[in-house]
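*Asks:* Before we start, here is the structure in question, set down as structure tokens.
The values are calculated or read from the model by the stated rules, or taken from the named source; none is laboratory data. Just so it is clear, the model here is predicted, and its values are computed rather than measured. Backbone-built Cβ (ideal geometry, glycine too); neighbour counts: all protein chains shown. For accessibility, only protein heavy atoms count, side chains too; no ligands or nucleic acids. Shrake-Rupley method; radii C 1.70, N 1.55, O 1.52, S 1.80 Å.
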Amino acid sequence: MAVINVERSSGEKQVVTATAGQSLMEALRSAGIDEVLAICGGCCSCATCHVYIDDTFLEHLPPLGATEDDLLDSLSDRTARSRLSCQIRLTEDLSGIVLRVAPEE
Amino acid sequence: MQSRQRGNMNNVDVLVVGAGHGGAQVAIAIRQRKFDGSILVVGDEPELPYERPPLSKEYFAREKSFEQMLIRPARFWEERHVMMALNTRVTSVDPIARTVDLDDGRTIRYNSLVWAAGGRARGLSCSGHTLKGVHSVRTRSDVDRIVGELPQTERVVVIGGGYVGLETAAAFVKLGKKVTLVEMLDRVLARVAGVSLSRFFEAEHRAHGVDIRLNTSVERLEGEDRVTGVRLGDNKVVPADLVIVGIGIIPAVEPLLKAGAMGANGVLVDEYCRTSLPQVFAIGDCAMHANIFASGAQLRLESVQNATEMANVAASVIAGQPQTYRAVPWFWSNQYDLRLQTIGLSIGHDREVLRGSMATRSFSVIYLKQNKVIALDCMNTTKDYVQGRALVVGGHAIQACRLADVTVPLKKLIEEVVA
Ligand SMILES: Cc1cc2nc3c(=O)[nH]c(=O)nc-3n(C[C@H](O)[C@H](O)[C@H](O)COP(=O)(O)OP(=O)(O)OC[C@H]3O[C@@H](n4cnc5c(N)ncnc54)[C@H](O)[C@@H]3O)c2cc1C
Ligand code: FES
């Protein structure tokens, strides 16, 4: 079980529990965070699963992939904390991760 | 508010027909817009809404479980007070009384109706089309049946060289099956891509061992009880343990057309996704619309993106915050290690510009119409896909030699025209 601390795009805070092995996107979607559109279903083709990861966790994540990096470039509100949540597989050591859902483009 | 949302199953504010991509998203988007009326989704498949693209990709290859494909878990629909009537089919619509009839005998009254019924896989009509071992790839149950027959399957014939046919062929190859792909036209993807991309995909599939037969029609399917082969127009027989029919869909719109909605190959909608019937919307694969990215030509788009964005439009009108449909079409397809991303619509192009080299398997095809960029097919080139969007949206005229120059990012070309 991994715990995710989510700040929704409305500003509302929510704690989500996920099963290890799920992607971050799948966990958010299952928890009803419906502003995460995830149109392509996690195959790194759409950039509609954009989140901002809190600094302390950023470095523990798998590195940014080339396709992910290029897709993030399509977003006007990309920051140094931006990741596509479908590209992050949840492991036990990510439990407690803090993130904010990016606004819809 | 709760009591309104829960409503009474026989009299609802919003009735959604079809529990697929469009149907799920319209319910999600209506609730996101804080509309608190009752919503009932009627779908004829047994499952809660799930993603269809993995059917010919990760689900087929058993890399993704069905649970991972659910658009939302069961709990979500309960929490949002979205009622689901699954395994249930809408058989007719009465637009005056504002009711629909269901195949279980019930009649339901609606205020707004959203038709998100997609399409049925088109079947063959030649002799042998009902033999065992002949399948389409449209639903989870189709794929489960196919997977169940895999142990007895060595040779597969895929009929139709569209995206679904090609992806399915690639999936069978991965499983070590011998695949023949039969296409009636002179190239694969003839309906959706330019010649150079067709040739590229044909070469890739051949390199993976797929026997591609172009300009080839199907005479009949051979076999007594179960299919044993496909007899082609040239009278040759290709032996087969399994046949996949991937020749497109027939939009599921009969009840709406019978009720008087305008349309033929699909139901006609305006930029608010409204049909010609009062308070009846149509979205997704079955919605024929004038697309601004095809110079206003009327067409249907079969993509998750289109179903999702049309759902958002219909939801915005129902929730009283109307928006029009202006979304740039995009699409993806994954085959082997190839990642294709498409932006814009290439139909009607008069020129193709190749950016990069096909030999590197990383290139883009840029489609021009009267010198303006109308679409890009990006093969393993996400950068072009991302940066090319602005070219399509802006409808910019850019010299072909500049577009072909891989040393100049597309972004730079846009900056030049805008400056
Ligand atoms: C194998 C496959 C691979 C694909 N790959 C991609 C891809 O990579 N990228 C992409 O963008 N798109 C892809 N697509 C297309 C995409 O899945 C469709 O465009 C999308 O599902 C359309 O959504 P929809 O809501 O219009 O229809 P659907 O998702 O088909 O949903 C319609 C639902 O309505 C039901 N229904 C029909 N008639 C009735 C009735 N009378 N009463 C009740 N229910 C009814 C149907 O059974 C179905 O469940 C793929 C499709 C398939 C089949
Ligand atoms: S869900 Fe499409 S990129 Fe993440």
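*Asks:* Of the numbered conditions (1) more than 9 Å from ligand 2 (Cβ to nearest atom); (2) assigned to a loop (DSSP other than H, G, I, E, B); (3) open to solvent by 10 Å² or more (accessible area, probe 1.4 Å); (4) not acidic (Asp, Glu), A:Thr48 satisfies every one except a single condition; which is it?
*Replies:* Condition not satisfied by A:Thr48: (1).
*Asks:* Same structure again: Mind listing whichever residues of region B:75-134 are over 14 Å from B:Met9 (Cβ atoms), assigned to a strand (DSSP E or B) and of a type in the set (S, T, N, Q)?
*Replies:* Residues satisfying the conditions are B:Thr91, B:Ser92, B:Asn111, B:Ser112.
*Asks:* Still on this structure: Do we have B:Ser136 as within 14 Å of ligand 1 (Cβ to nearest atom), in contact (Cβ under 8 Å) with a residue 12 or more places away in the chain and open to solvent by less than 60 Å² (accessible area, probe 1.4 Å) here? Walk me through how you get there before you give the answer.
*Replies:* Working: within 14 Å of ligand 1 (Cβ to nearest atom): yes; in contact (Cβ under 8 Å) with a residue 12 or more places away in the chain: yes; open to solvent by less than 60 Å² (accessible area, probe 1.4 Å): yes.
Against the criterion (within 14 Å of ligand 1 (Cβ to nearest atom), in contact (Cβ under 8 Å) with a residue 12 or more places away in the chain and open to solvent by less than 60 Å² (accessible area, probe 1.4 Å)), B:Ser136 qualifies.
*Asks:* Here are some conditions: (1) assigned to a helix (DSSP H, G or I); (2) acidic (Asp, Glu); (3) in contact (Cβ under 8 Å) with a residue 24 or more places away in the chain. B:Glu271 meets all but one. Which one does it not meet?
*Replies:* It is condition (1) that B:Glu271 fails.
*Asks:* Residues of region B:30-71 being of a type in the set (Asp, Glu) and either within 8 Å of ligand 1 (Cβ to nearest atom) or in a strand (DSSP E or B) (or both), which ones? Explain how you work it out, then say what you get.
*Replies:* First pass over region B:30-71, keeping only residues of a type in the set (Asp, Glu): B:36, B:44-45, B:47, B:51, B:58, B:63, B:67.
Matches in region B:30-71: B:Asp44, B:Glu45, B:Glu51.
Residue by residue, here is whether (1) within 12 Å of another protein chain (Cβ to nearest Cβ); (2) assigned to a loop (DSSP other than H, G, I, E, B); (3) aliphatic (A, V, I, L, M); (4) out of contact with any Phe, Trp or Tyr (no Cβ under 9 Å at 6 or more places or on another chain) holds:
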residue	(1), (2), (3), (4)
B:Gln323	no, yes, no, no
B:Ala327	yes, yes, yes, no
B:Asn334	yes, no, no, yes
B:Leu340	yes, no, yes, no
B:Val353	no, no, yes, no
B:Phe363	no, no, no, no
B:Asp377	no, no, no, no
B:Lys412	no, no, no, yes
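*Asks:* If a residue has to be at pLDDT 95 or above, hydroxyl-bearing (Ser, Thr, Tyr) and more than 10 Å from ligand 2 (Cβ to nearest atom) to count, how many in region A:80-94 make the cut?
*Replies:* 1
*Asks:* State all residues of region A:20-69 that are among the small types (Gly, Ala, Ser), more than 12 Å from the chain's Cα centre (by Cα), more than 8 Å from chain B (Cβ to nearest Cβ) and more than 23 Å from B:Lys34 (Cα to Cα); if no residue qualifies, say none.
*Replies:* Applying the first criterion (among the small types (Gly, Ala, Ser)) to region A:20-69 yields A:20-21, A:23, A:27, A:30-32, A:38, A:41-42, A:45, A:47, A:65-66.
Then keep just the ones that are more than 12 Å from the chain's Cα centre (by Cα); that gives A:20-21, A:30-32, A:41, A:45, A:65-66.
Filter again for more than 8 Å from chain B (Cβ to nearest Cβ), leaving A:20-21, A:31, A:65.
Once the filter is applied, which keeps residues that are among the small types (Gly, Ala, Ser), more than 12 Å from the chain's Cα centre (by Cα), more than 8 Å from chain B (Cβ to nearest Cβ) and more than 23 Å from B:Lys34 (Cα to Cα), region A:20-69 yields A:Ala20, A:Gly21, A:Gly65.
*Asks:* Against the conditions (1) more than 16 Å from ligand 1 (Cβ to nearest atom); (2) closer than 18 Å to A:Ser23 by Cα; (3) among the hydrophobic types (A, V, I, L, M, F, W, C), where does A:Cys86 fall short? Just the number, please.
*Replies:* (1) is the only condition that A:Cys86 fails.
*Asks:* Would you say A:Leu37 is touching a residue at least 60 places away in the same chain (Cβ under 8 Å) and buried (at least 18 other Cβ atoms within 10 Å of the Cβ)? Explain how you work it out, then say what you get.
*Replies:* Working: touching a residue at least 60 places away in the same chain (Cβ under 8 Å): yes; buried (at least 18 other Cβ atoms within 10 Å of the Cβ): yes.
So A:Leu37 fits the description; yes.
*Asks:* Just to be sure I understand, how many residues within region B:40-55 are within 14 Å of another protein chain (Cβ to nearest Cβ), in contact with a strand residue (DSSP E or B) (Cβ under 9 Å, 6 or more places away or on another chain) and in contact (Cβ under 8 Å) with a residue 40 or more places away in the chain? Reasoning before the result, please.
*Replies:* Looking only at region B:40-55, we keep the residues that are within 14 Å of another protein chain (Cβ to nearest Cβ), and these are B:48-55.
This time we only want the ones that are in contact with a strand residue (DSSP E or B) (Cβ under 9 Å, 6 or more places away or on another chain), so: B:48-51, B:53.
Then drop every residue that is not in contact (Cβ under 8 Å) with a residue 40 or more places away in the chain, which leaves B:50-51, B:53.
Summing the residues that are within 14 Å of another protein chain (Cβ to nearest Cβ), in contact with a strand residue (DSSP E or B) (Cβ under 9 Å, 6 or more places away or on another chain) and in contact (Cβ under 8 Å) with a residue 40 or more places away in the chain in region B:40-55 gives 3.
*Asks:* Please work out which residue is farthest from B:Leu338 (Cα to Cα), limiting yourself to region B:58-67 and to residues that are buried (at least 20 other Cβ atoms within 10 Å of the Cβ) and within 12 Å of chain A (Cβ to nearest Cβ).
*Replies:* Restricting to residues being buried (at least 20 other Cβ atoms within 10 Å of the Cβ) and within 12 Å of chain A (Cβ to nearest Cβ), the top hit is B:Tyr59.
*Asks:* Check region A:60-81 and report whether any residue there is in contact (Cβ under 8 Å) with a residue 60 or more places away in the chain, outside any loop (DSSP other than H, G, I, E, B) and not aromatic (Phe, Trp, Tyr).
*Replies:* In the first step, residues of region A:60-81 are kept if they are in contact (Cβ under 8 Å) with a residue 60 or more places away in the chain; the result is none.
No: region A:60-81 contains no residue that is in contact (Cβ under 8 Å) with a residue 60 or more places away in the chain, outside any loop (DSSP other than H, G, I, E, B) and not aromatic (Phe, Trp, Tyr).
*Asks:* Given region B:159-266, what strands (runs of 3 or more DSSP E) lie entirely inside it while holding 3 or more residues that are hydrophobic (A, V, I, L, M, F, W, C)? So that I can check it myself, show each step before the final result.
*Replies:* Values: elements: B:178-182, B:211-213, B:218-223, B:227-232, B:237-239, B:242-245, B:249-251.
By residue number, B:178-182, B:227-232, B:242-245.
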